[in-house]
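First the structure, in the form of structure tokens, and then the observations on it.
The values are calculated or read from the model by the stated rules, or taken from the named source; none is laboratory data. What you see is a predicted model, and the numbers here were worked out from it, not measured in a lab. FYI the Cβ positions are ideal-geometry reconstructions off the backbone, even for glycines, and counts take in every protein chain you see. Surface accessibility is based on the protein's heavy atoms, side chains included, excluding ligands, DNA and RNA. Shrake-Rupley method; radii C 1.70, N 1.55, O 1.52, S 1.80 Å.
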Amino acid sequence: MRLDKFAACVLLLALLSASVGCGRGYSEGSTRIRLYEIDRPYSAGVGAPMISEVDKFTYFYKDGTKPYVTDEVTGSDELIYTGRSGSVITLTYREFTGESSGELARPAFFQTLTYDLASSPIIGFKKHKIKVLDANNEMIKFVVVSD
């Protein structure tokens, strides 16, 4: 089957416009953002988050142009101070997952933690090392030593 010049030009233009508009494709990347700084003193009241982190996901065009979806939150987690009894402090770890209806806590990702400060003022959970400077039934003062 033989095409005339006009039909060949139309076909060529259609192929070029399809490859320019839709052929870029995309890449994606995930970023973990911590909402605290290492070696900086903080305080938190009972029931308040001590440290928090957020996972953000971004889609980029493969040619390096700006993202077409920017910083979609896909999850977060936090460590919450829940009080002190004697030399023992309690914390709660909560992990959230991003949902289309908003962020919802996953019940399987709640964990209660207890630490005896009489043995050491340094506490550890997952990758975090935290030095407790002071803790009472109202608040905790601490420094994140490493993560």
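Out of the residues in the stretch 119-138 that are of a type in the set (A, V, I, L, M) and surrounded by 16 or more Cβ atoms within 10 Å (Cβ to Cβ), state the one that is nearest to the chain's Cα centre (by Cα). The extreme case among them is Ile130.
The condition (being basic (Lys, Arg), under 19 Å from Glu53 (Cα atoms) and at pLDDT 95 or above) is satisfied by just one residue among Lys127, Lys131: Lys131.
For the stretch 83-105, the tally of residues that are modelled with pLDDT under 75, open to solvent by 80 Å² or more (accessible area, probe 1.4 Å) and assigned to a strand (DSSP E or B) stands at 3.
Within the option set Thr65, Thr70, being out of contact with any Cys (no Cβ under 8 Å at 6 or more places or on another chain), open to solvent by 40 Å² or more (accessible area, probe 1.4 Å), at pLDDT below 95 and in a strand (DSSP E or B) holds for one residue only, Thr70.
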